[in-house]
Amino acid sequence: QDTAANKVLGIKEFFEAFGITPPEIFYDKLDNNFTLFVYSSAGANRLGLIAQITEPGLLPLLESWESTMEQDLEPLSVLLGKTGPSIDPAFKQAAYKDTIFRYLSFPEENLGVCWTLIDNYFILTFSGESMIKIIDKIK
């Protein structure tokens, strides 16, 4: 929340505050209003966010972003405890409750980058466990 301007920050301002630069048209595909959450498990806090999709074409954009997503999200990953590069530089795919999500694992326990599209929403989390919990809530 920007108390000086008396407004709540959107996803664009949130990412800019951490120096995160997604692909150029990323923000055009999403509503700037988003939900930020913290998932706590085993003494570790993991962030996640959910934003409504407003324009088609987000899936191929995210798939192409995967090549730099780890580096682009580094400021948030380090804040959450990341100390080194991902275990495998290529995103993998998993399915849970008929929902496919993409993930990249870091050496730290239950830390990585996970993303999916469910219905008309983009979901990004920093752990597989938090992704599964969000899918449970939605499904």
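The values are calculated or read from the model by the stated rules, or taken from the named source; none is laboratory data. These figures come from a predicted structure and were not determined experimentally. Please note: Cβ atoms are built from the backbone with ideal geometry, for glycine as well, and neighbour counts cover all protein chains shown. Accessible surface is based on the protein model in full, side chains and every heavy atom, while ligands, DNA and RNA are left aside. Shrake-Rupley method; radii C 1.70, N 1.55, O 1.52, S 1.80 Å.
Using Cα-Cα distances under 8 Å and only pairs 6 or more residues apart, what relative contact order does the chain have, in percent?
Details: 211 pairs, mean separation 27.4, N = 139.
Result for the chain is 20 percent.
State the percentage of accessible surface on the range 1-90 attributable to carbon and sulfur atoms; use a 1.4 Å probe and exclude ligands, DNA and RNA. Intermediate results must be reported in sequence, preceding the final value.
Numbers: 2750 of 5120 Å².
The C+S portion of the solvent-accessible surface of the range 1-90 is 54 percent.
Calculate the dipole size of the chain relative to its Cα centre from +1 charges on Lys and Arg beta carbons and -1 charges on Asp and Glu beta carbons; express the result in debye to the nearest 20. Walk me through the intermediate numbers first.
Working: 11 positive and 19 negative charges, 86 e Å.
Dipole of the chain, to the nearest 20 debye: 420 debye.
Please report Rg over Rh for the chain, where both radii come from the alpha carbon positions and Rh follows the Kirkwood definition.
Numbers: Rg = 14.4 Å, Rh = 15.4 Å.
Rg/Rh for the chain comes to 0.94.
Accessible area per residue of the chain at 1.4 Å probe, in Å²? Before the final figure, lay out each step's value.
Numbers: 7480 Å² over 139 residues.
For the chain, the per-residue accessible area is 54 Å².
On a straight-distance basis, which lysines could pair with Lys29 in a cross-link, Cα separation under 21 angstrom, same-chain partners fewer than 8 positions away excluded?
Output for Lys29: Lys12.
Leaving out same-chain residues fewer than 8 places away, which aspartates and glutamates sit with a Cα under 17 Å from that of Lys82?
Once the sequence-local aspartates and glutamates are set aside, what remains near Lys82 is Glu70, Asp72, Glu74, Glu108, Glu109, Glu129.
Mind giving me the nanometre distance, one decimal, between the label points for Glu108 and Asp28, set 7 Å out from Cα along Cα→Cβ?
Going from the Glu108 label point to the Asp28 one covers 3.5 nm.
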